[in-house]
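Please read the structure below before turning to the comments.
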Amino acid sequence: MPIIKEDMSKFLPILLFLINIFYVSALDLPVAQISDDSSLRFRLKDTWFLDTPRRVLAQSARIELLPTGERVEVKTTEGREDFILMLSREQMTGRIAAGNEPALARRPAGQFPGWAQGSWILSRNKRTGEANLIRIFLRSDQNTFIQFRPFTADKCLMDAVVYGAYVTRSLPVALPPPPLTSGSTPQTPPAVSTAQNAFERLYTMPLNEILKLTDGKFSVKYFEPNPSIYSDSRTFIAQVRAKIGGLRYADDGAIDENGNYVFINNLQNQNPATAGLNCSGFLKWMVDGMIRHITGSRLLITPLRQPFGERGSSFTINWEERRDVFFGLDWIRNLAAEANSALRSPMYRSLEEFEIRRDNFSTLMVSENRTLVDRSYPGFLNEAGYGIEGLRPLLYTLAIDEPYSFYLASVNMEVSTPSSPRGTPRLRQYFHTAAFVPYFDEYGVFRIVVFESAAETSFNAFRSRYNLNHFVNLVKVPVPVRFDP
């Protein structure tokens with residue numbers, strides 16, 4: 001992937017401060033209901049935001065109160081080239097009612113992690129004192145935030161970041177003129193209006209007014225999920241977990257339409273003593289459990305291996321039978337077609353209805369040698385899917401956009417077999433399948449459950465197995481209300 005050359009090292013101390021912090025469960029408010037702290041920022045402006053770096057860094061941390069009674073910790077953190085001023089809201093705890101667990105009202109947790117909803121950060125250069133970044137956390141999640149950067153004498157630039165992906169990147173935001181004094185004449189403007197002067201107008205503006213400056217071009221939906229609408233996902237996860245304990249892994253293993261453990265390749269019965277499922281057979285087990293009560297039977301294995309939709313070329317067709325390169329792709333597409341047909345309607349069994357091809361972002365923020373850089377991200381690629389490095393933010397945005405769906409995935413990369421004769425071409429091979437269930441739990445925390453190869457694993461474990469050469473193709477499947485494998 002190409003690298004966009006940009007020195008973002010001045011932002012690194014902020015991110016490093018926020019890494020590996022214990023996540024306190026929090027039930028956040030809609031963005032419009034975040035309590036206003038502009039009066040506090042007004043009081044701090046001269047002594048913390050505009051004073052010399054030496055004097056600001058000499059300030060002691062202290063607790064301030066908002067008009068609502070909420071507590072905010074004000075403190076500084078020093079980096080190599082910059083220092084940051086933090087207005088850290090007190091973390092709140094709370095949850096919606098879930099299952100037999102009653103709802104818990106929001107209440108203070110006594111912690112100030114720096115990323116609790118409403119927290120506000122200003123980054124300034126230690127030598128010049130100039131501001132270079134304002135970051136605001138609209139959710140109690142260190143991986144989601146908006147930020148503003150100086151640009152011109154009447155504009156700043158806005159970014160919105162979710163799990164390292166820019167869902168809004170360098171959006172020019174027009175800033176209002178300086179406020180009026182107690183009389184009716186404007187304040188005396190600086191001799192030369194600069195980007196720094198304009199940027200400082202954000203210091204005392206209420207959050208809702210700042211967001212209005214985006215003129216509707218910022219999609220706030222990615223920062224205010226509703227945990228209550230993911231109840232079916234949470235129930236489905238619990239049902240799969242309850243049934244998965246009796247399974248074991250077996251290479252090439254699946255359950256046929258009659259409930260027998262067989263080998264996918266030849267449909268011969270497995271040895272009962274070692275019978276099990278491989279990654280593909282396991283996904284079939286999941287889909288069978290979702291639709292069998294509707295269709296009356298389990299799916300046949302052979303049709304799931306048939307080519308589905310666009311893939312390959314006149315060149316690759318000569319190698320398909322020998323290398324079976326598209327097995328994983330055809331398998332998840334056929335499973336998705338059957339699931340969507342049964343749970344929604346036969347009209348939803350087409351590739352256009354269930355294959356994920358949207359591009360919610362085109363740039364990723366990544367750390368390379370302790371320096372943050374922006375890496376371009378091409379989104380969906382034909383014959384490949386999505387680069388593995390963008391999978392987490394992609395699943396986050398999909399959880400918001402498609403709250404009643406989960407995803408079957410096929411991992412692929414260009415490979416050649418070790419035993420291939422000289423001259424054998426490298427071909428893209430779909431070699432592993434898995435299921436991802438992205439959702440928000442009853443505390444409003446984003447999670448991704450991974451089911452693969454007859455077990456539940458973690459997203460971090462899944463991600464760590466692959467590198468930038470790996471891609472993932474995704475198909476959408478409705479979250480069922482009943483699961484009975």
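The values are calculated or read from the model by the stated rules, or taken from the named source; none is laboratory data. It should be emphasised that the depicted structure is a prediction, and the values quoted were computed from it without experimental measurement. Glycine gets a Cβ as well: all are built from the backbone with ideal geometry, and neighbour counts include every protein chain shown.
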Study note, to complete from the structure: So, first residue touching a residue at least 60 places away in the same chain (Cβ under 8 Å) and farther than 15 Å from Ala434 by Cβ in the range 386-415, second residue assigned to a helix (DSSP H, G or I) and of a type in the set (A, V, I, L, M, F, W, C), Cβ within less than 8 Å, six or more apart or across chains; the pairs are Pro403/Ile229; Tyr404/Ile229; Ser405/Leu398
Practice item. Taking the options Ser233, Ser219, name whichever one is out of contact with any Lys or Arg (no Cβ under 7 Å at 6 or more places or on another chain) and closer than 15 Å to Phe446 by Cα. Key: Ser233
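Listed here are the residues, each with its yes/no results for (1) part of a loop (DSSP other than H, G, I, E, B); (2) on the phi < 0 side of the Ramachandran plot; (3) surrounded by fewer than 16 Cβ atoms within 10 Å (Cβ to Cβ).
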position: Thr235; (1), (2), (3): no, yes, no
position: Gln239; (1), (2), (3): no, yes, no
position: Lys243; (1), (2), (3): no, yes, yes
position: Asp251; (1), (2), (3): yes, yes, yes
position: Ala254; (1), (2), (3): no, yes, no
position: Leu267; (1), (2), (3): yes, no, yes
position: Asn271; (1), (2), (3): yes, yes, yes
Check your understanding: Within the range 452-459, can one find any residue that is surrounded by fewer than 20 Cβ atoms within 10 Å (Cβ to Cβ) and closer than 26 Å to Leu29 by Cβ?
Key -> no
Revision key, fill the gap. Filtering the range 201-215 down to residues that are under 25 Å from the mean Cα position of the chain (by Cα) and of a type outside the set (D, E, K, R) yields Leu207, Asn208, Ile210, Leu211, Thr214
Practice item. Output the residues belonging to the range 159-179 that are within 18 Å of Tyr377 (Cα to Cα) and part of a loop (DSSP other than H, G, I, E, B). Key: Tyr163, Gly164
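The rows are residues; the columns are (1) touching a Pro at 6+ places or on another chain (Cβ under 7 Å); (2) of a type in the set (A, V, I, L, M); (3) under 30 Å from Gln117 (Cβ atoms).
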position	(1), (2), (3)
Ala399	yes, yes, yes
Ile448	yes, yes, yes
Ala454	no, yes, no
Asn473	no, no, no
Practice item. Go through the range 69-86 and give me each residue that's out of contact with any Asp or Glu (no Cβ under 7 Å at 6 or more places or on another chain), over 15 Å from Trp115 (Cβ atoms) and acidic (Asp, Glu). Key: Glu78, Glu81, Asp82
Check your understanding: Given the structure, is Phe145 surrounded by fewer than 19 Cβ atoms within 10 Å (Cβ to Cβ) and among the aromatic types (Phe, Trp, Tyr)?
Key -> no
**Study point:** Tally, over the range 289-299, of residues that are surrounded by 14 or more Cβ atoms within 10 Å (Cβ to Cβ) and either without any contact (Cβ under 8 Å) to a residue 12 or more places away in the chain or aliphatic (A, V, I, L, M) (or both)
**Key:** 3
Exercise for review: Might you check whether a residue that is aromatic (Phe, Trp, Tyr), part of a helix (DSSP H, G or I) and farther than 16 Å from Val477 by Cα occurs anywhere in the range 221-228?
Suggested key: yes
Check your understanding: List, please: which pairs have Cβ atoms under 6 Å, are six or more places apart or on different chains, and start with a residue in the range 340-353 that is touching a residue at least 40 places away in the same chain (Cβ under 8 Å) and end with one that is in a helix (DSSP H, G or I) and exposed (fewer than 15 other Cβ atoms within 10 Å of the Cβ)?
Key -> Ala342/Ile294; Ala342/Thr295
Review point. Are there any strands (runs of 3 or more DSSP E) wholly within the range 375-485 with 2 or more residues that are of a type in the set (D, E, K, R) and outside the structural domain of Ala105 (by TED's automatic domain parsing), and if so which?
Key: 446-452
Study note, to complete from the structure: Expected output for the range 130-143 (first residue under 17 Å from Leu157 (Cα atoms), partner modelled with pLDDT under 95 and surrounded by fewer than 21 Cβ atoms within 10 Å (Cβ to Cβ), Cβ below 6 Å, 6+ apart or cross-chain) is Glu130/Gln196; Asn132/Lys10
**Study point:** Count of the range 31-65 residues which are under 19 Å from Arg135 (Cβ atoms) and assigned to a loop (DSSP other than H, G, I, E, B)
**Key:** 6
